[in-house]
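Here the structure comes first, spelled out in structure tokens, and everything after it is commentary.
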Amino acid sequence: MIRRRIWVVLLCFVVSTAAAVALSVRAEKQYEATTALLLRSSSAFEPQRAVDTNLQLLGLPAVARATAQRLGDIGADEIAGSIEASQEGDADILEVTATSSSPEQAALIANTYAEEFLAFRTDSERERLQTSQIEVIEPASPPSSPVSPKPVRNTVFGALIGLVLGIGLALLLEQLDRRVKRQEDVAEATGLPLLASVPKRRAFDREHLGHASLSPAETEVFRLLRANLRYFKAQQDVKSVVVTSAAPGEGKTLVSLGLALAAVTSGERVLLIEADLRDPGLSRVLNLEASGGLSWVLTEDYGSVADAVTQVRASELADAVGDTMLDVIPAGAIPPNPTELVESQRMGEVLAFAEGAYDFIVIDTPPVLVVSDAIPLIMASSGVLAVSGIGVSTRSSATDLAVQLDRLGASTLGLVANFVEHAGRSYDGYGYGRPPDMDLMRKSASKPAGPSDGDQ
């Protein structure tokens, strides 16, 4: 959770720490000066009671008014707010502490306040208070350093507050975020078998695929998907597969391309059809021209399906796949009536041609919960592959996707969890998916054959 929301934690941490530093720098310095008073209580008066009584007397407004009148330039309320009276431990020593922005002013207030308190006690009208004697044993002196602000302490507290606030906010956002976080959750929400977990890697990002080819380990993920499709339902001949999702941005186009690459590198004759005529993302990824393509075949009576096929070199998209060509029918120009074109008789002729000329057909379609374009293709294909993007799909949308496919009576083959941060496997760690040593293979092929049994 913290890894997913690390930007929230870091933002709160940085802002809170910076605010603490800024407040410490801009805050006015405060100085404290303390005058110590020694209390000698009479034998007939309990010592602690005498201390408590004098602490109460130190807080009387009359003492503050007398101090303000003597100093002249400070009000009684300001004096009362700057004074704190306390007992030093268990001793009969009272401390009068004054706080001010000036060290000299703090010492002056503390000493004057103590003197006015002594004068208040010795007033002839308050003889009954003379149950104890009190005197100044240490007058206040101007302090050399301020007591506040404390930049180090404030920075540490600010950082801790920011960290706690960031984690709390991350927890709150996590609770409010309804997106699926784990592949197990999306499999549970759909009730479909999980056929592959595609890791979240830069090469799988929409803007980079075609510029950063798939590594052998990444290609192995799609080979595993192709093998699962072939053997998961061995009794079912899966000739064509529709790849769809609940919503845009879940990576169905990239899964379609990866599956087609895995199939063509295994020696199959493969055709990849971009049937998303509204948002042709595959054409952008492969940098294909907008002219021709599927929309041209479906709108022109004389359009040949074979003429719409574009060949893409597989080695430019994935490492260690050999010099293999992948046949692709791009979407072409975006038509005004994509739904009518996909439902047309001509589209059925395109699929019939493809099934006769190829071993395996992969059809990239629009999200099935967004538009209805995918529905005719789902009904005409051998099976459907549902793609859910971890961190993109919500649990409700994943459930709705499975319900929609079940309502259509589609032959749903399984589920692909896309953008998985930790797929739970490491092909590189076991040597799988590493590029072959072509130089060593050529050297081995050039060695003469060993002696035959007859020569021995």
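The values are calculated or read from the model by the stated rules, or taken from the named source; none is laboratory data. If you're wondering where the values come from, they're calculated on a predicted model, not measured in any experiment. Note: ideal-geometry Cβ built from the backbone for every residue, glycine included; neighbour counts use all protein chains shown. The protein model used for the area step is the full one, side chains on, heavy atoms only, and it has no ligands, DNA or RNA in it. Shrake-Rupley method; radii C 1.70, N 1.55, O 1.52, S 1.80 Å.
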### Query
On the given criteria, is Ala262 touching a residue at least 24 places away in the same chain (Cβ under 8 Å) and out of contact with any strand residue (DSSP E or B) (no Cβ under 8 Å at 6 or more places or on another chain)?
yes
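Looking at region 275-290, which of the residues that are assigned to a loop (DSSP other than H, G, I, E, B) and open to solvent by 80 Å² or more (accessible area, probe 1.4 Å) is nearest to Val368 (Cα to Cα)?
Filtering region 275-290 down to residues assigned to a loop (DSSP other than H, G, I, E, B) leaves 275-280, 287-290.
Going one step further and asking which of them are open to solvent by 80 Å² or more (accessible area, probe 1.4 Å), we end up with 278, 287, 289.
Numbers: Arg278: 13, Asn287: 25, Glu289: 26 Å.
Across region 275-290, the extreme among qualifying residues is Arg278.
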### Task
Confirm whether Ala68 is assigned to a helix (DSSP H, G or I) and touching a Leu at 6+ places or on another chain (Cβ under 7 Å).
no
### Query
Can you name every residue in region 180-195 that is surrounded by 15 or more Cβ atoms within 10 Å (Cβ to Cβ) and either at pLDDT below 85 or of a type outside the set (S, T, N, Q) (or both)?
Val180, Lys181, Asp185, Val186, Ala187, Glu188, Ala189, Leu192, Leu194, Leu195
### Query
Taking region 354-407 only, how many residues are in contact with a strand residue (DSSP E or B) (Cβ under 9 Å, 6 or more places away or on another chain), charged (D, E, K, R) and open to solvent by less than 20 Å² (accessible area, probe 1.4 Å)?
1
### Message
I'm checking my understanding of the structure. Among residues of region 341-353 that are over 41 Å from the mean Cα position of the chain (by Cα) and of a type in the set (A, V, I, L, M, F, W, C), which one is surrounded by the fewest Cβ atoms within 10 Å (Cβ to Cβ)?
### Response
Ala352
### Query
Taking helices (runs of 4 or more DSSP H) that do not extend beyond region 305-420, which have at least 1 residues that are of a type in the set (Ser, Thr, Tyr)?
338-342, 395-408
## Note on the structure
The number of residues in region 98-115 that are farther than 18 Å from Ala27 by Cα and open to solvent by less than 40 Å² (accessible area, probe 1.4 Å) is 8
#### Entry: Top-ranked residue of region 52-76 - restricted to ones that are at pLDDT below 90 and surrounded by 19 or more Cβ atoms within 10 Å (Cβ to Cβ), ranked as farthest from Ser100 (Cα to Cα)
Asn54
## Note on the structure
Quick count over region 220-250, residues being more than 18 Å from Leu326 (Cβ to Cβ), outside any helix (DSSP H, G or I) and open to solvent by 10 Å² or more (accessible area, probe 1.4 Å), is 10
### Query
How do the pairs read when you match residues in region 292-312 that are under 16 Å from Asp276 (Cα atoms) with residues anywhere that are open to solvent by 60 Å² or more (accessible area, probe 1.4 Å) and not in a helix (DSSP H, G or I), using Cβ under 9 Å and keeping only pairs 6 or more apart or on different chains?
Ser295/Ile334
## Note on the structure
Of (1) in a helix (DSSP H, G or I); (2) open to solvent by 40 Å² or more (accessible area, probe 1.4 Å), Glu32 fails just (1)
### Query
Name the residues in region 77-92 that are part of a helix (DSSP H, G or I), closer than 14 Å to Leu60 by Cβ and open to solvent by less than 50 Å² (accessible area, probe 1.4 Å), would you?
Ile79
### Message
If a residue must be more than 34 Å from the chain's Cα centre (by Cα) and either under 30 Å from Asp52 (Cβ atoms) or of a type in the set (Phe, Trp, Tyr) (or both), how many such residues does region 1-41 contain?
### Response
12
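How many of the residues in region 155-188 are of a type outside the set (Gly, Ala, Ser) and over 30 Å from Leu401 (Cβ atoms)?
Adding up the residues that qualify gives 10.
Could you go through region 332-352 and let me know if any residue there is more than 16 Å from Val297 (Cβ to Cβ) and not hydroxyl-bearing (Ser, Thr, Tyr).
From region 332-352, those more than 16 Å from Val297 (Cβ to Cβ) are 336, 339; that's our starting set.
Filter once more, keeping what is not hydroxyl-bearing (Ser, Thr, Tyr): 336.
Yes: region 332-352 contains one or more residues that are more than 16 Å from Val297 (Cβ to Cβ) and not hydroxyl-bearing (Ser, Thr, Tyr).
For region 36-43, state whether one or more residues are open to solvent by 60 Å² or more (accessible area, probe 1.4 Å) and modelled with pLDDT of 90 or more.
Taking every residue of region 36-43 in turn, none turns out to be open to solvent by 60 Å² or more (accessible area, probe 1.4 Å) and modelled with pLDDT of 90 or more.
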### Message
For the structure I just gave you, tell me whether Leu23 is outside any strand (DSSP E or B) and under 17 Å from Glu135 (Cβ atoms).
### Response
no
